[in-house]
Structures are given as structure tokens and as C-alpha cells.
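Notes to accompany the following structure.
No value in this document is a laboratory result; all are computed from the given coordinates. Keep in mind it's a predicted model, so treat the numbers as computed, not measured. Cβ placement follows ideal geometry from the backbone for every residue including glycine, while neighbour counts extend to all protein chains displayed.
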Amino acid sequence: MLVEVALPRPISRTFTYSVDADVAEGTRVLVPFGPRRLIGWVVARTDRPPDAAVRPVRRILDDGVPPQLLRLCRWIADYYVAPLGLVLRSALPNALADTNRPQAPVRTRRVLVLTDDLPSLRRRDEVFARARRQRELFELLESMGGRAEVVHLTDRLHFSYSVLRGLESKGIARFDDEEQVRDPFAGSSVAKGPLPPLTAAQDAAVRALAGAVRAPPRSGSRSAPFLLHGVTGSGKTRVYIELLKQVVRRDGRGAIVLVPEIALTPQTVSRFQASFGDDVAVLHSALSDGERYDAWRALRDGRKRIVVGARSAIFAPIPSLGAIVVDEEHESSYKQSEAPRYHAREVAVMRARLEDAVCVLGSATPSLESWHNTAVGKYRILELPERIEGRPLPEVRIVDLRVKADAAGSPDGAAAQSPRSSGHVLSPLLARAVQDRLKRGEQTILLLNRRGYATFVQCRSCGDVWQCEHCNVSLTFHRGRRRLVCHYCFHEEPAPTHCERCGSGDLSFRGLGTEQVERSVAETFPGARIARMDVDTTSGKWAHHEILGRVERGEVDILLGTQMIAKGLDFPRVTLVGVVNADVGLNLPDFRASERTFQLLTQVAGRAGRGDLGGEVIIQTALPGHYAVHHAVTHDYAAFAERELQERQSPAYPPLARLANVVLSGLEEEAVQEAAASVAAATLDEVARRRAPVELVGPAPCAIDRIRKRWRWHFLLRSGSARALGMVCHWIQETRTPGGRGELRLIIDRDPVALL
Ligand code: ADP
Ligand code: ZN
Ligand code: ZN
């Protein structure tokens, strides 16, 4: 028997193998591939004799893809123009693609630990003579606190196993099995009490959902998506829980709950655990491959019926799926940034349709796509227009940064503060408001969506700005590490003391970042307990948990950070939210810049006044008249959406048109430019030949035209027809993908969330 096998490789075709048993579609198999072995999935049986000699499948493995997931993955491969094997690979737990342990994934965490028998500095040259990699590994381990996970060293940092063993044989390091850190999401940590009665608006939403749950199967009235538009603090989570009670408790079916990032939404997670206890599997990023695989099997076998997780939880193998919830559906983290470039919200809508499940997308600031879908009757709207217990939305005040900037003679507002003048980070109004909270023992949240200390370093005498040597972006100064860091490729270099071009020592550190805010706030409010939450302070496994736990227990007076602190947090003692500079993302050359800013401001404002103490929001901006800022001040989503939809009419942008972004990149600028021009020209011919209603814009250099040494050009395909656009994308993928091992790359990003 011949079968077509999809392999996890960036190739859009499948491969033919022979097998002597009768295997079903979805079966997981180990196959030879050139000199290697790969794990793949049978996606079709075939009679067609292949062109080359057929090799036999090596081994038939258990735990294949359930049929409903195979169907979903096929849709993703088609819609997002991605190889089916790659889609399956990213839909299934890592453990199922591990060729070294095809049957039984590991559970223990093997670590390499430095012993006490370390060579003194002087002896190192001798000990590591002709063993450069061993020395590097040794020094790395030292810098990592003396231990590291073996797979991290081998798979991420590319040390060969023999280098690890080399250190062991010298007695400098030993292997060990480390105990897992206790998983804070394991078991329910929340007291189960009776839930308070539903508000009238919650009740109406729950009734509408119940109607869909009971609708006749396959009638379409089950799976047509709902958009739950509820202002911040309106009790959306409670609505999800009531829906799940019917689907899971009453009907015995399963449910998927997607959240943008588990680490940032521990409260939402624990509410589900409080109501459903052991029925809930939480898929968070700190799970080991083995734990993730355990959860996968528990869901597949019906031992757990609810999964709560980020993007990839949409692929949970739930046998009888009754409901899918996508919380904070506007979040761009639902879009995967590498192939397959799927958007979990759109996959959720499709999965609900394929499996006839109820689908709810929830947000206080819905994506314009979903909002538009309610306007054209594709989605059903549910509104929670008020906060719980009639609490008012917080009053929002604006501080106009231009006033002060003029006085200081600086063109670029609060962003132009040198490290010394850090007292100006908070305006007097905001500083007084923080002081009040400190006196009253209430909590403050301060947002600045930019990490590091200063976003660029500039020579005052010649104007030179420090740039990454691999990317066309300025380097960010990180004061704690005394280094300049590239936020695109992670390149680092020591902070400069003088200009390399003109020799001047007069450097200015410009563009305010969270690190600088922290320092300034600490100086202004000595004694205040401050926690900073951004990528730099949350690299540890449970770092988010630890910080948010301190805030919850009242051990923090001021929580400051990037967009991380704007999501879903529900702390009743937070009575003040300050936005240090609202304009950070507003000027990006991206059609979603205004939408992002409006969402961020509205969401962070929503963290204030969630308890009985009331709340206040102060937004510092140099663009107080901008509609994204203005409508956030008045908490008016509908007005914002109406204005933004006008902006996207001409030229048309989503949701008023469909887009695909075609990006070419390579090491040589000219070759990339030529390739972009030639692919674009060929595409235009093809579009004309097929008379496809597709418009081509470009080609042009990307807004960030060089990342990780690669030059980047792109063109946009725009269409009113998803089908026509898909057809052209497939044609490009199949005929224009650079072949061989050349360094030129072409990617197609359908429904892009950003065009940078
Ligand atoms: P949202 O997600 O809409 O911002 P949450 O679901 O976090 O809002 O709910 C806000 C707060 O209101 C939470 O503390 C929640 O426990 C509480 N809450 C939700 N529903 C009710 C209700 N019907 N009665 C009283 N409190 C409620
Ligand atoms: Zn200079
Ligand atoms: Zn870089």
C-alpha cells in the first residue's frame, strides 16, 4: 500500500512511502528522509506510482492526529499557504515529533551542574588547552549560576553532547536529574464559593449563548460566532464560565478557552479552575515537553474536558467539542509570526464551524475585523455596556506634553529627557496623584510601552545615532547591564563613552524607556515599593507569577511596565493608572498603529477603579487631539471604530479589504530588490492572465529594511475576494519560492497583523 506523508519541512508537497499494514489518515509514522529519519503523518492513501523508488515506512507510531484536527490543519495549510507538515508540527506537542524518542517522551529534566572542583582562573588556559568549546560552555554555565538544562545547551545553544561529556570527564561538571519547579497552575488554588448572581446584561448574554448551545445540530445557529463586547470590568469571564457549565457540566462535551498569554492572566485561569477544578488542563509556556504531552493525552482521552491556553491551545485534541472562547480576541499575539502564520482567532472560528461548536470572541476593544463582521451580519453581538455593580469607568485626564516641551525648548516632548533630568518623567499632576495613592495605601499602575533605559543614543556634536550592525534600527541603552541592545536580533555591545565618528564625549541618551521610568519614580518617591514588569524582568520561568503575586498581596505600591501590565489584571486596590507617554506606538508606519494605541490605552485605563475605591487615569501625550487618544479618554469604542473604518476605506485596508504581505529577504541588497521586482512583475502578469480581482502595491523596502543582516523588500496583495487572493498566493508559493540552498527567502503573510 502506498501513502502520502506530510513531513515537518518547509516544502509544500507530500512524500510517497510504502507500508505493509492498513493505515488510516492521520497515522503518525517514522520515515527515512535522505540520510535522516523524520516523523510525519499519513495524509492520504494513493495508487499513483511515484516517479522515484519508494522507500518503506520505518515504523508505525501511536498517537496520530485525530481526524477533526487533520481537517482543521488542511484548512490552515490552504488558507495561510503553508506546508501541511509544518502545520501539523506546530499543532501537535513537541514530544510527538521527537525522532529520538518516538514512543515515550521524557518527563525528567536533565541538567548539567558545575561541581565544586572548579579550575582557578590561572589554571583555565591549561585545563582547556585545545578545548575552546568546553571553555565556552564552562564560562556560560558559570554565568548561568552553575546549572543549565541539557536540551537547552544542545538544542538552543548548539553545544554538542561530547562537549558536555568533556566537562564531565574532567570532573568540572556532572549530569543530574532535576526536580520540576512546582507548577503554580497545578490543581485549583482558589476557594470555591458560590458565584454572585448574574447581572442583567450578563444574564442576557448567557441566554443568547444557551440558545446557541441548544440549537439544532448543523443548523448554523450553533457555530455562527458571537462577539462579546464588554467594557473593562463588566464580567466577561463570568459569561464564559456560565457557557462552559452548560456545555461541559450539563452536556458532557469539551471546551477550549484561549487567552493571549497564560503568564499574564493568572486570575482568569484561576477563575476557571475554581469553577471546574480537575476538569481543566492549563497549557502554559513553562510546561516541559513531557507535561504538555501528558495534558494532550488527558484531553484526547476525555480525562480532562477544558483546556485553557495561549494560541496553540486551539489545536487541543478535544473529542466532542462544545464551545470555544477567545478572550481578548483583539490581541496580536494570537497571530503566529513564523510559518504557519495562522491567526488563532480565525482558526477558532473555523474549528467551531467544522465541529459545530459555539464560539465566543470577547473583548472591551474588539478587533475591527470582528466588529465589522457583526455589522455585516456574520457575527452576533452581545454587549455588556456597564461595569459590575454599576461602578463607573474611571475618569480619564490628559496631560499635554507639548506645553512643557516648548518651555524646555525640546522638540520631542517627554521622550527627550537625558538621564539626569529624570524628574520630568511624571508631570506634576501625575506625580501628585501617585503621591496621594501612596498616602492612602492604594496602588498605582504606570504604563510605558518601551523597554530599556533610553531608546537611542546620539552624539550631540555630530548627530550620529548608534545603530545595530545587523539591523536598520537604533540600539536601546540598558542601564542595568550598561549595554546597548538590539530589540530585533538581540545583538549587544558595551555602552559607549564617546562618539566613534567625531570623538566627542557629549552623548545624549534619548527616548524614555521603562528602566528610566523606574529610576525616576524611585528617586521621586523614596520608600515606595516598585515593581517593574517587562521582557527584561520576566525572563525567569515564574517571574510573571511572582511579580503579580506581590501586587495581589499588596506588597507593591507602584507596578510599572510595558503592554504586559495592560491585560486582564483585576486588582481592586489599583485606583490610579498613569500612561507616561501615549504616543509611543502612534507614529509607526503601520495601518494598525491607531487601533493598537486605542486598544492599549483603553485596556490599561480599564485596570483602574475595579474595586469600591473608584479610579482615575492620567494620560500624558503630545497628541491630545488624535482620535485614538480622544476616544480612549471617553471610553467610546463605537466612535473609535467608526472613525477608524473611515480611515481604512481608501486606500482599502482590513477589514475593508483582504491583504497578503509578500516579503523577500537576503544578504545582498541589490539581489533582494531585483528578486522583489521580478516576483512582483510575474505576479502582475499572472493576475492579469487570470483576471483575478487582486491589486498589487509595491514593491518597496520594508519599513525596517534590514533585520539580522538580511535586507527586506515587500509588496502587498490586496483584494475584496479571499478566494482570489488565496489563489494568487498559492501561485506565488508554488512557482516563485526561491529554490535550492540559496540565501534568498520569500514569505507570504496572509492577513498580516503588522507590516513593519
Ligand atoms: P472583564 O473581563 O470584563 O474585564 P472580569 O470578568 O474580570 O471583567 O470581572 C470583573 C470583576 O467583577 C471580577 O472581580 C469578577 O469576579 C467580578 N464579577 C463578575 N461578575 C460578577 C457578578 N455577577 N456579580 C459580582 N461580581 C462579579
Ligand atoms: Zn559625534
Ligand atoms: Zn539587530
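How many angstrom lie between the Cα centre of region 122-173 and the Cα centre of region 632-699? Rounded to whole Å, the Cα centres lie 48 Å apart.
The residue among Gly211, His470, Gln603 whose Cα reaches farthest toward the positive pole of the charge dipole of the chain, with charges on the beta-carbon of Lys, Arg, Asp and Glu, is Gly211. Multiplying the residue separation of Glu743 and Arg690 by 0.36 nm and removing their Cα-Cα distance gives an extension gain of 16.0 nm. Take the Cα of Val151, step 7 Å toward its Cβ, do the same at Glu338, and the gap between the two points is 1.5 nm. The GluC sites (Glu not before Pro) found in region 634-726 that occupy coil by DSSP, while having at most 13 further C-beta atoms within 10 Å, are Glu668. Work out, in µm²/s and without decimals, the Stokes-Einstein translational diffusion coefficient of region 571-722 at 4 °C, 1.567 mPa s, Rh from Kirkwood over C-alpha pairs. After rounding, the answer is 71 µm²/s. From the P(r) of region 1-92, can you give the percent of Cα pairs sitting at distances over 17 Å? Roughly 43 percent, rounded to a whole number.
The charge dipole of region 333-386, taken about the Cα centre with unit charges on the Cβ atoms of Lys, Arg (+1) and Asp, Glu (-1), comes to about 180 debye, rounded to the nearest 20. Antiparallel DSSP bridges in the chain: what percent, to the nearest 5? So the antiparallel bridges in the chain amount to around 55 percent. Expressed in nm to one decimal, what extension gain is obtained for the pair Ile60 and Arg250 from 0.36 nm per residue of sequence separation less their Cα-Cα distance? The span from Ile60 to Arg250 would gain 64.6 nm if fully extended. Entry note: region 289-364 has Rg to Rh equal to 0.97, where both radii use alpha-carbon atoms and Rh is the Kirkwood radius. Put in order of Cβ neighbour count within 10 Å, fewest first, the listed residues Cys468, Cys502, Cys486 become Cys502, Cys486, Cys468.
When you filter the trypsin sites (Lys or Arg not before Pro) in region 188-239 for DSSP loop state and at most 16 other Cβ atoms inside 10 Å of their Cβ, you are left with Lys192, Arg218.
Quick check: from the Cα gyration tensor, does region 644-756 come out rounded (a/c under 1.5), prolate or oblate? Intermediate results must be reported in sequence, preceding the final value.
Numbers: a/c = 2.18, a/b = 1.35, b/c = 1.62.
Cα axes put region 644-756 in the oblate bin.
Amide H contacts for Leu38 (H built 1.01 Å from N in the peptide plane; partners 5 or more residues away or on another chain; cut-off under 5 Å): Val31, Phe33. Number of Lys-Lys pairs in the chain with C-alpha atoms under 17 Å apart and a separation of 8 or more places or on different chains: 5.
Quick check: Cα centre of region 46-88 to Cα centre of region 295-374, how many Å? Centre-to-centre (Cα) distance: 22 Å. Taking all C-alpha pairs of the chain, those more than 35 Å from each other amount to 53 percent.
Placing R0 at 45 angstrom, the Cβ-Cβ distance between Ile704 and Ser162 gives a FRET efficiency of 0.70 after rounding to 0.05.
Computed over the chain, the per-residue total of -39500 (n - 2.57) for DSSP H runs of n ≥ 4 gives a 222 nm mean residue ellipticity of -9000 deg cm²/dmol, rounded to 500.
Placing +1 on the Cβ of every Lys and Arg and -1 on the Cβ of every Asp and Glu, with nothing else charged, gives the chain a dipole about its Cα centre of roughly 1140 debye.
Relative contact order for the chain: what percent, with Cα pairs under 8 Å and sequence separation of 6 or more? Don't skip to the end; give the middle numbers.
Numbers: 1452 pairs, mean separation 79.4, N = 756.
Over the chain, the number comes to 11 percent.
What is region 54-168 by shape, rounded, prolate or oblate, if you read a ≥ b ≥ c off the alpha carbon gyration tensor as root eigenvalues and call it rounded for a/c under 1.5, prolate for a/b larger than b/c, and oblate otherwise? Since a/c reaches 1.5 and a/b is larger than b/c, the shape of region 54-168 is classed as prolate.
Between the listed residues Val358, Ala344, Gly302, the Cα displaced farthest toward the positive end of the dipole of region 287-377, a dipole computed from Cβ unit charges relative to the Cα centre, is found at Gly302. Unpaired cysteine residues in the chain (no second Cys Cβ under 4.7 Å): Cys73, Cys359, Cys489, Cys702, Cys729.
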